[in-house]
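Please treat every number below as a calculation from the coordinates, not as lab data. Everything numeric in this text was worked out from a predicted model, so none of it was measured. Here the Cβ positions follow ideal geometry from the backbone for every residue, glycine too, while neighbour counts run over all protein chains shown.
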Amino acid sequence: MLTFLVRRTFVMLLTALCLTFVVFVLTNLPPNLEKLAKTEAGSRISDAEVESWLERNGFARPMLLRYGEWMGVVPGWRNEQDGKVTGRCIQPGQDPATAPRFCGVLQGYWGFSTFFKAPVGEKIAYHLGLTGILMFWVMVVMVPMALLIGVLAGMREGSRLDRTLSTFSIASTATPEYVSGVLLIAVFASSMFGLKWFKGTATGAMNDVTFENFALPVLTIALYGTGYIARMTRASMAEVMTSQYIRTARLKGLSFRTIVLRHALRNALIAPFTVIMLQFPWLLNGVVIVETLFSYKGFGWTLVQAAGNNDIQLLLGCSVVAVMVVLATQLISDIGYVLLNPRIRIS
Amino acid sequence: MTDQAHDGPILEIENLSISFFTRLREIPAVMDFSCTVQPGEAMGLVGESGCGKSTVALAIMRDLGRNGRITGGSIRFRGRELTTMPEAELRDIRGSQIAMIYQEPMASLNPAMKIGQQLMEVPIVHEGISKAEARARALEVVADVRLPDPERILKSYPHQLSGGQQQRIVIAMALMSKPALLILDEPTTALDVTVEAAVVDLVKDLGRKYGTSMLFISHNLGLVLETCDRITVMYSGEAVETGSVRDVFDKMRHPYTQALFRSIPLPGADKTRRPLIAIPGNFPLPHERPQGCNFGPRCDYFVAGRCDAADIPMFPVPGDASHSSRCIRMNEIDWDAPPAAPVKGERTPIGAPVLQVADLKKYYELRANALFGGAARVVKANESLSFEAREAETLAIVGESGCGKSTFAKVLMGLETATDGRIVLLGNEVQDTPIEKRTAQTIASVQMVFQNPFDTLNPSMTVGRQIIRALEVFGIGKTDAERRERMLQLLDLVKLPREFARRMPRQLSGGQKQRVGIARAFAGDARIVVADEPVSALDVSVQAAVTDLLMDIQRENGTTLLFISHDLSIVRYLSDRVLVMYLGHVVEIGTTEQVFSPPYHPYTEALLSAVPIADTHVKKKHIVLEGEIPSAINPPPGCPFQTRCRWKSRVPGNLCETSVPPMRQMADGHQIKCHLSEAEFAEMEPVIEIAAE
């Protein structure tokens, strides 16, 4: 098991390295840099001025070298002009002599966001935390609900209960968040029906999560995911219920309840578990719409802002975090799979 | 409530009818079925697939699924009516008083639950005993089914056990609550012969020990003879004959039973002098059953106007109240008349060698974990194979699963290349030439007939097209018309009607599909045909016809047939020479007579004893092999068979454990790989003896 973990972690880091390089190259394409120069130094500067600005700020060097700097394995650039030393690792107002030579992701320095005028690391940590809270509540609502629906529907395939629950899950997963979100706001938060049970905005939840301000965004996301997971669980459960070992259990004289809970459930959860773990990356990036709809400034919202404003360092940071989260959840998913399924044991 | 005194029969089934309901129609699966099982008695239920025997078993358990329904008759268990029993009471009986053992042990155990839990559950639910008590009981029963180290077994998951061990666990599970009736649905079909013999032995012993009545469902008549007291033969949803095993085997009174016995290879059968007689025609589909006697259209004694007039009830056989048959002409037929045997042509003389195999070795490297590597282990699938096969000869390769017989077939076909050694095929060395590099002619000259006809035909191509495709690949025929003509000839060769060329594989029965497979193999005038268990997936009555066909084609074309099988009865019937394999080694080779009579290799001896023979005149020596077949990844040192050999103690010192025995010449063409001395070989008694009538 330990060697398995070490191997998997190693593979994960390698994947992360490759992916970050791809993202780095894409965000640092020449047109992006030119645009950056223009937003930083004024939009009317000439091409020559753009060149010199890029030169001065360390952008005009080979891509691989700059990737090394960003990673923190190559010393940061320094420029001396008019006796004043500027550099990647020298914060404004800092004495160049005391500044570190290396500053990159490995040293915990993620760059400086040009849009928010704040360190990228700090910014991402804050917004990721907000999305984390949202994700947590979505999972708490979505997973039990989906599994319950799936198991109930799958245990007697073709029954009335199955058809009712299946209709519900298909409907919920066929409704995109921007439709269900708007509907939920209209019904539960507007004066249209007079049911002002919840708040239509989740801005308040950024400081203090309450049932009132958080129920609608959580429900909007959960509804969409529920249908999907429930369908997977139902299919898996229905298959398990027709298997021979369930017949064995039935002919042992066990009650239907015991058969479902003790014999079918664990086997039926193996397939949906992978699907549930795949929901994490989707939640991280796919919640943009809901975050925007409910003005909840989470990770998705940050990513959109970074992309829209050509904030290279922030965009890079967001991408790396997203990649790491995806890889980490997949590792957890693989370990969980092994625990659920005794036929796969890693020795 | 459950153990009320009842001294009548354990199970009485009267005029039971079961139907399955589809959207289109009602499909009767079982009609007018009656049978009784007395306390302590074993009743055999025999028939071909689709005859309704498993449906009867499920009806007793009242587990017919949503579409199945009991439409008439009654099932009484210890005097209590099961057909109308409410679900809760039924649950009480299931598992505690009636238990069932299934065909596929792996599928019938929960893969995600430890063996211990699955066993303990039964008495906990039915008797409400504590966990500790249930555990003690489980340990006891696991020891009863002769599994080593019960503590460890209880803690393992099903996939950690071998097939034979899993089946023992299923048996243990059935015995946990000491049931009054045990239903065994083809309990050994998925197992190897020697494992099967051990399991059957166990079931018989346990039945005696616990006094359990048994309903033993099987298609194997030999197995029923060994295990049961009485037998009911089923055909197309009806019981056609019932009586004591001796009566039915020796004095059968139904044409179907008779035809069934004539189509299985018994020790006296011979492919030229006393060939098998296949049952003509096909099994009727449930909704296409004929009027009157279901067996009528295939029966030799059929009389129009009488046999097809009305439904035929069961008649008792005169002079024997316990024996009855569903034949209206029972008293008119001369049952002792010998069959009008079709005279087969003389066997073609055996010609020059076409295939020579010398010291062939095939090793596989196995990684501990496919994804992440790990120490490589070597599987020695074939270890120094040497033999030759001659033109027009049938050479049988016999052995249990994992002995390397299929690996050899793959190397010969070129699907794998050999690790070492030589294969000379029609004068060319082919051991290192994979199939992609072989010429079309070489490929056409060595062809294969596969075990499972259901998987080897492309489901979306017509039969004719598939054969023409083979002809195209082999480069036979210049034009499409020529190839088409050849395809039709091939259909004639395998005795299929020409209009089958336009049919899809799904419209064919198993036997017909296998005929198409044979036609395809012979498309390029194959000189050597490797038949890998060609009939083991087919029903007995069809087996005879397909075997016969292979023999006929061989006689006409002088083809060399390499017949891979684990079924020694059929091997004895059709092969000229036999090669016995065990764990990648050839342990014995010789003519069929030499291999089937002493001196034997100890493994051959055990194998012969394990094969059930459906003949009451045959006396067999009882040899049960202990233990499992060792894995080819970790073979025992020295002689491969030493871990299970009953003769091992006769060899001085630890010779068997330290050195692989040499191949010894016993007689002309008869070789045995064993350390036993000449004197001990001379001492061996024949395993199978046919008692005088």
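A compact table of results
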{"read-out": "Proximal lysines relative to B:Lys155, as straight alpha-carbon distance under 18 Å, when same-chain residues fewer than 8 apart are discounted", "value": "B:Lys114, B:Lys131"}
{"read-out": "3J(HN,Hα) from dihedral phi, the range A:241-255, Karplus parametrisation 6.51/-1.76/1.60, rounded to Hz, x for glycine, proline", "value": "5, 8, 6, 5, 6, 6, 4, 4, 4, 5, 7, 7, x, 6, 6"}
{"read-out": "Spatial separation of Cα centroids for the range A:31-59 and the range B:204-260, in angstrom", "value": "94"}
{"read-out": "Cross-link reach list, lysines versus A:Lys123, counting only Cα pairs under 27 Å and skipping chain neighbours closer than eight places", "value": "A:Lys35, A:Lys38, A:Lys199, A:Lys297"}
{"read-out": "Computed [θ] at 222 nm, helices only, for chain B once each DSSP H run of length n ≥ 4 contributes -39500 (n - 2.57)", "value": "-8500 deg cm²/dmol"}
{"read-out": "Highest-fluctuation residue, A:Asp208, A:Asp95, A:Asp311 considered, GNM on chain A with Cα pairs under 10 Å", "value": "A:Asp95"}
{"read-out": "Peptides ranked, highest mean first, by Cβ atoms within 10 Å: ranges B:494-503, B:402-411, B:661-670", "value": "B:402-411, B:494-503, B:661-670"}
{"read-out": "Approximate shape of the protein assembly as shown as ellipsoid semi-axes (Cα gyration tensor, √5λ), whole Å, largest first", "value": "67, 40, 29"}
{"read-out": "Evaluated at q = 0.12, 0.27, 0.30 Å⁻¹: base-10 log I(q)/I(0), Debye formula over Cα of the range A:26-80", "value": "-0.28, -1.11, -1.21"}
{"read-out": "Span-rule helices in chain B, defined as complete DSSP H runs reaching 24 Å or more along the axis (Cα) with Kyte mean at least -1.0", "value": "B:193-210, B:540-557"}
{"read-out": "Ellipticity estimate at 222 nm from DSSP helix runs (n ≥ 4, -39,500 (n - 2.57)) divided over chain A, nearest 500", "value": "-22000 deg cm²/dmol"}
{"read-out": "Helix A:47-56 vs. chain A, principal-axis angle (Cα, 0 to 90°, nearest 10)", "value": "80"}
{"read-out": "Under 23 Å between alpha carbons - lysine pairs in the range B:352-683 that sit 8 or more apart or on different chains", "value": "21"}
{"read-out": "Positive-end residue, chain A charge dipole about Cα centroid, Cβ charges, pick of A:Leu33, A:Ala249, A:Gly150", "value": "A:Ala249"}
{"read-out": "0 to 90° range, to nearest 10: angle between helix A:312-340 axis and chain A longest Cα axis", "value": "30"}
{"read-out": "Peptide A:236-248 - average C-beta neighbours from other chains (10 Å radius)", "value": "4"}
{"read-out": "If the convex hull is drawn through the Cα atoms of chain A, its volume per residue in Å³", "value": "179"}
{"read-out": "Residue-averaged beta-carbon neighbours from other chains (10 angstrom radius) around B:100-111", "value": "4"}
{"read-out": "The range B:479-525-the range B:536-573 distance, computed between alpha-carbon centres (Å)", "value": "18"}
{"read-out": "Shielding by partners - mean other protein chain Cβ count within 10 Å, residues of A:267-276", "value": "1"}
{"read-out": "HN-Hα J in Hz across the range B:677-688 - Karplus 6.51, -1.76, 1.60, θ = phi - 60°, x for Gly and Pro", "value": "7, 4, 4, 5, 4, 5, 6, 4, 9, x, 7, 10"}
{"read-out": "By average C-beta atoms within 10 angstrom, highest first, the peptides B:453-463, B:593-603, B:509-519", "value": "B:509-519, B:593-603, B:453-463"}
{"read-out": "Cβ crowding within 10 Å averaged over residues, with B:100-111, B:325-336 ranked highest first", "value": "B:100-111, B:325-336"}
{"read-out": "Considering only the protein assembly as shown, percent of DSSP beta bridges that pair antiparallel, nearest 5", "value": "65"}
{"read-out": "Backbone HN-Hα couplings from phi across the range B:176-187 [Karplus 6.51/-1.76/1.60, Hz, Gly and Pro as x]", "value": "4, 10, 6, x, 7, 9, 10, 9, 10, 9, 6, x"}
{"read-out": "Assigned charges on the beta-carbon of Lys, Arg, Asp, Glu; chain B dipole about Cα centre (debye)", "value": "1540"}
{"read-out": "The range B:578-595-the range A:71-137 distance, computed between alpha-carbon centres (Å)", "value": "77"}
{"read-out": "Between 0 and 90°, nearest 10: helix A:177-188 axis offset from chain A longest Cα axis", "value": "70"}
{"read-out": "Student exercise, the protein assembly as shown dipole from Lys, Arg, Asp, Glu Cβ charges, in Debye to nearest 20", "value": "2400"}
